[in-house]
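Below you'll find the structure, written out as structure tokens, and then a few comments.
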Amino acid sequence: MARYKTDLADPDQIDPDPLSVVLELANLVIQPGSLALLVSAVGSAAAVIQIRRMSESQRSKVRGKLYEIDRALNDGFRALMTLASFLDEFQLLERKMSIGGAPIRGFSNAQRIRRAHEDCRVAVKDTRDAFIDLSGLLTTEFSERIGRTLYELNLLYGNIVTPGDSYGSSLIAVSHALTTIDSFICDIGPDFDYRRQPRSFAEELLLSIPFIRRFNRKPQTEK
């Protein structure tokens, strides 16, 4: 796609290639990896800590972090939908991912993609910070659920960044990964008065852009 520069002194004003948005979405997906520190603590002295021994202040902090992740996931998904809409319009979903491989014409379109990229960058930072904080707040009682989530994300991540794969396949994998993270926070949420039903970002994407269904190959996550 053409690159437009609105301020020579500010490299962030350069409109990104659509591939860079995909890579930011991939960064969003890996942020729960910080919880692996908690999983590795199983069997240590820390394992005797129980939820019931957490202070109200700690519970409140966890609840706040879950809401932060919720909002960041929504921001990331909006960026994904913006990119998916452009790729669908320009019939690029079947294109193999590559630098310059998805030429989207029009200055205003390029600016929309840049905003999606910026929104994604903010979502990555917010999610990273929240999960890092959670790794120091959650107890080892959650280790099994964390381990399962990381296992599923690892499988999906391979589909997001596979060289030579299509944009459609990558965006589908991202949507499944966002769904996995959302299911995790909704699963542990009731212990901290965070209560809502998980969203299916993948299904929302499939309903919004029917053509993308042909790329829907979610990997088997059964151990």
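The values are calculated or read from the model by the stated rules, or taken from the named source; none is laboratory data. The model shown is predicted, which means the values in this text are computed figures rather than measured ones. All Cβ positions, glycine included, derive from the backbone under ideal geometry; neighbour counts span all protein chains shown.
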- Query: Just to be sure, is ASP129 assigned to a helix (DSSP H, G or I), of a type in the set (D, E, K, R) and crowded, with 21+ Cβ neighbours inside 10 Å?
  - Reply: no
- Under the condition of being more than 14 Å from LEU25 (Cβ to Cβ) and in contact (Cβ under 8 Å) with a residue 40 or more places away in the chain, which residue from the range 166-186 is surrounded by the most Cβ atoms within 10 Å (Cβ to Cβ)? ILE185
- Report yes if some residue within the range 81-92 is more than 27 Å from ASP182 (Cβ to Cβ), of a type in the set (S, T, N, Q), modelled with pLDDT under 95 and not in a helix (DSSP H, G or I); otherwise report no. no
- Query: What is the one condition in (1) at pLDDT 95 or above; (2) acidic (Asp, Glu); (3) buried (at least 17 other Cβ atoms within 10 Å of the Cβ) that ASP191 does not satisfy?
  - Reply: (1)
- Message: surrounded by fewer than 20 Cβ atoms within 10 Å (Cβ to Cβ), modelled with pLDDT of 95 or more and of a type in the set (Lys, Arg): which single residue out of ARG53, ARG71 fits that description?
- Response: ARG71
- Task: Identify the residue in the range 133-162 that is assigned to a loop (DSSP other than H, G, I, E, B) and touching a residue at least 12 places away in the same chain (Cβ under 8 Å) and, among all such residues, is farthest from ASN27 (Cα to Cα).
- Result: THR139
